[in-house]
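What follows is one structure encoded as structure tokens, with my remarks underneath.
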Amino acid sequence: MFQSESKQAYAQTQVRLLFTESLRGETTELGRVRILRGNVEMETDDLHILADSVYQYLDRNFIDAFGNIQIRTENQHIWADTLRYNTLTDISRFRGRVVVEGPSARLFSQEMLYNFIFEIAEFPRQIRMEDENGTLQADRGFYFSLPDSAAFYGNVQIADATQYAEADTLYAVRSADFFKMRGNVYLEDFEERTRMRGGFSQSDSTGFRELRDHARLQRVNEARTDTTFLAADRIEVTNRDTLSTVDGFGNVEIWAERYAALSEQSTYNDQTGLFRLTGDARLWQKDLQLSGETIDIQLIDDEIESLFAFPEPVAVTPDSLTGRFNQIIGDSLRIYFDAGEISKMRVEPNSEMIIHERDENDRPEFAIQISAERLIMHFNEGNIDSLKYYRTIDGRYIPEALNPGEIRLQGFQYEPERRPAKPAEWLFPSRDPIPEEPLFPLPRRNREFLDEQDISAIEPE
């Protein structure tokens with residue numbers, strides 16, 4: 001992390017003693033040592049140091065400090081139980097209960113390597129960071145004070161009042177609200193009732209987030225009565241003002257209580273309730289399979305209000321008793337729903353359909369094939385209640401003797417085996433919640449500092 005002394009030239013930092021209760025000198029195998037005990041106070045041009053005791057190695061360019069250490073710089077305070085400070089390189093190793101109070105964050109660890117020149121901190125052991133936005137915890141990490149950026153590794157967790165995230169690694173530019181996460185990524189937005197998983201995620205201050213590598217999204221409706229599950233190669237989520245969109249790219253699979261779908265791409269607009277599937281799209285609603293290059297799902301209060309497919313859509317519904325396929329094709333097809341049931345279907349132009357009929361014993365009897373410029377059907381309890389067709393091109397009655405059950409319209413597709421199934425497991429975090437308390441009891445001087453801050457905050461000016 002930090003360059004060795006042989007790689008660069010340093011100017012010796014002068015350490016000045018301000019106070020100690022006792023002082024004595026010794027000569028050891030490490031050279032001359034000054035031993036200071038009792039409320040030791042020292043300073044350099046950039047640091048103010050307090051400790052219970054200090055060993056100053058005059059011939060080795062470092063000091064060891066012990067007990068109730070507090071260091072104050074222009075930008076931050078540091079507390080620890082032990083300290084080794086290299087006066088030649090301005091690099092320090094803090095151990096014990098390490099607390100860093102910066103201008104925008106507090107950090108906790110049991111070990112820290114710190115470069116006072118570049119204000120870079122390395123935490124080789126577990127780290128906790130707190131700021132006004134929430135709390136972060138990881139196995140180890142780096143913090144760069146001047147650009148206000150950080151990198152964390154191993155069991156990374158972030159939490160605040162509105163969201164929670166976990167991953168194997170995290171890189172963040174906090175001043176720009178830019179975050180990049182890798183490995184076992186889990187994200188949860190409490191306000192949007194959304195959970196996500198993937199192998200990689202990045203987000204920025206515009207409200208944009210990208211999720212890749214087996215990306216999955218689970219969203220619960222506002223009434224918490226329905227759940228939608230989206231899987232894709234890549235998912236993009238955008239939250240800006242009142243606009244919220246979710247886009248899926250590559251091998252899109254959607255499952256909801258009332259329908260399931262496949263496509264190459266998808267986009268959902270939370271403001272309009274429009275879910276658009278594009279690229280070899282398939283949608284299943286009960287026994288209906290609708291296929292087309294593009295399928296629009298219009299949702300109102302999480303219920304399907306209508307479906308619109310184009311160009312050259314194919315709608316297939318098997319007869320519930322005979323299994324024969326009722327088929328409809330055209331240049332565009334719109335289906336309207338009422339309380340989850342099909343109420344109306346409109347196909348135009350170049351519409352064509354095959355409808356199978358049963359006899360009084362519910363056995364196949366005949367089929368009707370119609371080609372027209374436009375077909376409009378009204379339904380009652382899932383069955384055709386009325387049929388209107390305009391500018392008929394062709395219409396024929398097909399008796400059972402001609403085996404109408406084998407007739408397929410052009411582009412026929414019915415693939416129930418491809419229908420996405422309900423996920424076997426919902427998305428949940430892998431790790432226990434971040435503890436509310438820091439990693440250890442706070443050092444005495446840190447507690448005194450916080451008490452002084454609280455008092456100054458309530459004292460009148």
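The values are calculated or read from the model by the stated rules, or taken from the named source; none is laboratory data. Computed from a prediction, not measured in an experiment: that's the story for all the values here. Note that each Cβ is placed from the backbone with ideal geometry, even for glycine, and that neighbours are counted across all protein chains shown. Each accessible area value is taken on the protein alone, full model and side chains, heavy atoms only, with ligands, DNA and RNA left out. Shrake-Rupley method; radii C 1.70, N 1.55, O 1.52, S 1.80 Å.
Here Leu88, Leu83, Leu107 are screened, and the one residue that is farther than 30 Å from Tyr164 by Cβ, touching a strand residue (DSSP E or B) at 6+ places or on another chain (Cβ under 7 Å) and hydrophobic (A, V, I, L, M, F, W, C) is Leu83. Collect the residues in segment 286-310 that are assigned to a loop (DSSP other than H, G, I, E, B) and surrounded by 15 or more Cβ atoms within 10 Å (Cβ to Cβ), keeping them in residue-number order. Within segment 286-310, just Asp302 meets the criteria. In segment 317-329, the qualifying residues are those that are of a type in the set (A, V, I, L, M, F, W, C) and surrounded by fewer than 22 Cβ atoms within 10 Å (Cβ to Cβ), and the one that is farthest from the chain's Cα centre (by Cα) is Leu321. One residue stands out among those in segment 364-400 that are over 21 Å from Trp284 (Cα atoms), of a type in the set (Gly, Ala, Ser) and within 52 Å of the chain's Cα centre (by Cα): the one that is surrounded by the fewest Cβ atoms within 10 Å (Cβ to Cβ), which is Ser386.
If only residues of segment 412-424 that are more than 25 Å from Asn184 (Cα to Cα) and assigned to a loop (DSSP other than H, G, I, E, B) are counted, the one that is least open to solvent (accessible area, probe 1.4 Å) is Glu415. Of the candidates Leu409, Leu427, the single residue that is under 36 Å from the mean Cα position of the chain (by Cα) and open to solvent by less than 50 Å² (accessible area, probe 1.4 Å) is Leu427. The set of residues in segment 254-285 being outside any strand (DSSP E or B) and on the phi < 0 side of the Ramachandran plot consists of Glu257, Arg258, Tyr259, Asp270, Gln271, Thr272. Close Cβ contacts (under 6 Å, 6 or more residues apart or on different chains) running from residues in segment 50-70 that are touching a residue at least 24 places away in the same chain (Cβ under 8 Å) to residues that are part of a loop (DSSP other than H, G, I, E, B) and open to solvent by less than 20 Å² (accessible area, probe 1.4 Å) comprise Asn61/Thr87. Consider segment 193-212 and keep the residues that are in contact with a Phe, Trp or Tyr (Cβ under 6 Å, 6 or more places away or on another chain) and crowded, with 16+ Cβ neighbours inside 10 Å. The one that is farthest from Leu427 (Cα to Cα) is Ser203. Is segment 178-190 home to any residue that is under 29 Å from Asp302 (Cβ atoms), open to solvent by 10 Å² or more (accessible area, probe 1.4 Å) and modelled with pLDDT under 95? The answer is yes; a qualifying residue exists. Residues in segment 258-272: is at least one in contact with a helix residue (DSSP H, G or I) (Cβ under 7 Å, 6 or more places away or on another chain), modelled with pLDDT of 95 or more, of a type in the set (A, V, I, L, M) and open to solvent by 10 Å² or more (accessible area, probe 1.4 Å)? Yes, some residue in segment 258-272 is in contact with a helix residue (DSSP H, G or I) (Cβ under 7 Å, 6 or more places away or on another chain), modelled with pLDDT of 95 or more, of a type in the set (A, V, I, L, M) and open to solvent by 10 Å² or more (accessible area, probe 1.4 Å). Pairs linking a residue in segment 112-138 that is over 19 Å from Ala80 (Cα atoms) to a residue that is open to solvent by 10 Å² or more (accessible area, probe 1.4 Å) and basic (Lys, Arg), with Cβ atoms under 8 Å and 6 or more positions apart or on different chains, are Asp131/Arg106; Asp131/Arg174. Scanning segment 248-257 for residues being open to solvent by 20 Å² or more (accessible area, probe 1.4 Å) and within 19 Å of Glu210 (Cβ to Cβ) gives a total of 3.
Of Ser332, Ser351, all but one fail to be under 39 Å from the mean Cα position of the chain (by Cα) and among the hydroxyl-bearing types (Ser, Thr, Tyr); the exception is Ser332.
Being in contact (Cβ under 8 Å) with a residue 24 or more places away in the chain and β-branched (Val, Ile, Thr) is a property that Ile393 lacks. Looking for something under 15 Å from Gly405 (Cα atoms) and either in contact with a helix residue (DSSP H, G or I) (Cβ under 6 Å, 6 or more places away or on another chain) or not aromatic (Phe, Trp, Tyr) (or both) - is there at least one such residue anywhere in segment 341-350? The answer is no, given that none of the residues of segment 341-350 is under 15 Å from Gly405 (Cα atoms) and either in contact with a helix residue (DSSP H, G or I) (Cβ under 6 Å, 6 or more places away or on another chain) or not aromatic (Phe, Trp, Tyr) (or both).
Restricting attention to segment 102-124, does a residue exist that is hydrophobic (A, V, I, L, M, F, W, C), surrounded by fewer than 22 Cβ atoms within 10 Å (Cβ to Cβ), modelled with pLDDT under 95 and closer than 25 Å to Glu437 by Cβ? Looking for residues that are hydrophobic (A, V, I, L, M, F, W, C), surrounded by fewer than 22 Cβ atoms within 10 Å (Cβ to Cβ), modelled with pLDDT under 95 and closer than 25 Å to Glu437 by Cβ, one finds at least one in segment 102-124, hence yes. For Gln218, the test of being part of a strand (DSSP E or B), open to solvent by 20 Å² or more (accessible area, probe 1.4 Å) and modelled with pLDDT of 95 or more is failed. Scanning segment 221-246 for residues that are among the hydroxyl-bearing types (Ser, Thr, Tyr) and either open to solvent by less than 70 Å² (accessible area, probe 1.4 Å) or part of a strand (DSSP E or B) (or both) yields Thr227, Thr228, Thr238, Ser244, Thr245. Could you grab me the full set of residues in segment 130-171 that are of a type in the set (Asp, Glu), closer than 20 Å to Gly199 by Cα and open to solvent by 40 Å² or more (accessible area, probe 1.4 Å)? Once the filter is applied, which keeps residues that are of a type in the set (Asp, Glu), closer than 20 Å to Gly199 by Cα and open to solvent by 40 Å² or more (accessible area, probe 1.4 Å), segment 130-171 yields Asp139, Asp168. How do the pairs read when you match residues in segment 401-421 that are touching a residue at least 60 places away in the same chain (Cβ under 8 Å) and more than 15 Å from Leu283 (Cβ to Cβ) with residues anywhere that are open to solvent by less than 100 Å² (accessible area, probe 1.4 Å) and part of a loop (DSSP other than H, G, I, E, B), using Cβ under 6 Å and keeping only pairs 6 or more apart or on different chains? If the second residue must be open to solvent by less than 100 Å² (accessible area, probe 1.4 Å) and part of a loop (DSSP other than H, G, I, E, B), the pairs left are Gly405/Arg324.
Screening Pro349, Pro313 for residues that are in contact with a strand residue (DSSP E or B) (Cβ under 9 Å, 6 or more places away or on another chain) and buried (at least 18 other Cβ atoms within 10 Å of the Cβ) leaves exactly one candidate, Pro313.
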